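For reference, the structure is listed below as structure tokens.
We did not get these values from a lab; they are worked out from the coordinates using the rules stated. These figures come from a predicted structure and were not determined experimentally. All Cβ positions, glycine included, derive from the backbone under ideal geometry; neighbour counts span all protein chains shown.
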Amino acid sequence: MSPRRRFAVVAVAISIRLGAQTAPPPSAEVRQFLKVDAPVVALVHARVVDGTGAPAQEDQTLILRNGRIEAVGPAATLAPPKDAQAIDLSGHTVVPGLVGMHNHLFYTHSIHSDEKGAAVPPGRLFAEIAHSAPRLYLACGVTTIRTTGSLEPYTDFNIKRQIDAGLLPGPKMDVTGPYLEGLEPMTPQMHALRGPEDARRFVDFWAEAGVTSFKAYMNIRRTDLGAAIQAAHARGLKVTGHLGSVTWPEALALGIDNFEHGPVYTDTEFAPGKKPDVAPAVAASWGAWLKVDLEGAEVQKLIRDLVAKQVAITSTLPVFEMMVPGRPPLQPRVLAAMSAESKTSYLAARARVKVVPNSTPEQLLKKEMDFERAFVKAGGLLLAGPDPTGMGGVLPGFGDHRELELLVEAGFTPVEAIRIYTANGAAFLGRLDRIGTLAPGKQADLVVVKGDPSRRIEDIENVVTVFKDGLGYDSARLIESVRGHVGIR
């Protein structure tokens, strides 16, 4: 072996042993969105919310070197290195990059329904927005996402590869496999499992292809779910679920790792006349939960079982807020990002949500918020993501900001909400040693916002710069690049 070859092998070995990751140089496509590109960066006079749930620290300096956080400390004692690009962040706050745990690359609303909002044959069809979604996530400070159900897995794989190679701007991606669904799928874009053996083959195939998790869906049967969980666990992969045909206690017994959306919207155990392996009418299930006492024995047992089995719940409050009349507030930035057709479709669907005093949707949203707070108080691991679906008003990135705001409305403090969206997601992914909090040695994935989201969570919308692996992206420029694109590309 030549000396040069021997040196290269040793260098790679040292890099692997030390956990170093050298990001490829950004392409011209990526460079147009960069406003900070230096090997050493000093962010000075910043307010720091570190993601651990600790109070904000004022007047701090963060030193970033070669894509990692080298040091964090008071500006009075931590001087910027002489070779650093120093950036004064007086009046700004630095938080860890958000870890979105229910973040699709597809968009679910366009004009594919009749005048009453009913889906027309062959059913709801969803558009992959592989151009606009990654840019919006990154622009809003979401530096890591789990796709949590894929409709076009090869698209997701290719976008992930191109982002990792520095060819496209976007977050780090954990690609979830295509939905584990039964008969009849909610959309013809989903595979319908034919039995336990089909479920095992399905998991094995997509695990070999490179997915990092799986998501079970509303019509899956218990035998198929059990087979899928066993196959995934055999490969060290996790399974989450947006269920209906299978109740939460049944899924817990089968070994599921995570539930999406919360029980008020997806646990059907209290639905009157619930039949095995059959999803009841949504209205019946939701109505049953309205009558359930969160302090009662059944719900308290559910919470204890979730905590004991270390099963996480992903909060996705924005998608259910859509059902409440007049919510969320209409934002120009959201409407500007939509294509003309998608905006028309969304506003028409929003107008169909009628104002009814003391309406059920408001009660459901409040009950889900109360459950999530009780779950965390009991020691449960709460994750977060926007689920950009529903009637089309929850967009990538912007929806992540809204989820943080709704967590605070639910009763969490701003720093608790930020911890849920950063450290908790990183912990579930097994990556808390690299992302999720601001600490020396971790990857330089962080968000600079104008204002103080530790006191006023709405300030999280004022993103100025997003650092991913030490490169600083211009949030406004990314958002402008997708104006009018959501829904079509």
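For region 35-91 versus region 426-470, the spacing of their alpha-carbon centroids is 12 Å. The label-point distance for Asn158 and Ala281, in a model that sets each label 7 Å from Cα toward Cβ, rounds to 4.4 nm.
Each 10 Å bin, from zero up to the one with the longest distance, holds this percent of the alpha carbon pairs of region 98-428: 6, 26, 38, 25, 5, 0.
Stretching Thr77 away from Phe205 to a fully extended chain increases their span by 40.7 nm, per 0.36 nm per residue minus the current alpha-carbon distance.
For the cross-link pairs Lys160/Lys238; Lys35/Lys82; Lys377/Lys450; Lys343/Lys366; Lys309/Lys468; Lys215/Lys274, the ones whose C-alpha atoms lie over 26 Å apart are Lys377/Lys450; Lys343/Lys366; Lys309/Lys468. Converting phi to 3J(HN,Hα) with the Karplus coefficients 6.51, -1.76 and 1.60 and the offset θ = phi - 60°, region 44-61 yields 10, 6, 9, 7, 10, 10, 7, x, 8, x, 6, x, 4, 10, 8, 6, 10, 10 Hz in sequence order, with x at every glycine or proline.
Dipole check for region 299-345: with +1 at the C-beta of Lys and Arg, -1 at the C-beta of Asp and Glu, and the Cα centre as origin, the magnitude is about 180 Debye. What relative contact order, as a whole-number percentage, does the chain give when Cα pairs under 8 Å and 6 or more residues apart are counted? Reported as a whole number, the value is 22 percent. Under the rule of -39500 (n - 2.57) per DSSP H run of 4 or more residues, summed and divided by the residues of the chain, what mean residue ellipticity at 222 nm is obtained, to the nearest 500 deg cm²/dmol? Dividing the helical sum by the residues of the chain leaves -10000 deg cm²/dmol. In this simple spin-label approximation, Thr344 and His191 carry label points 7 Å from Cα along the Cα→Cβ vector, and these lie 3.7 nm apart.
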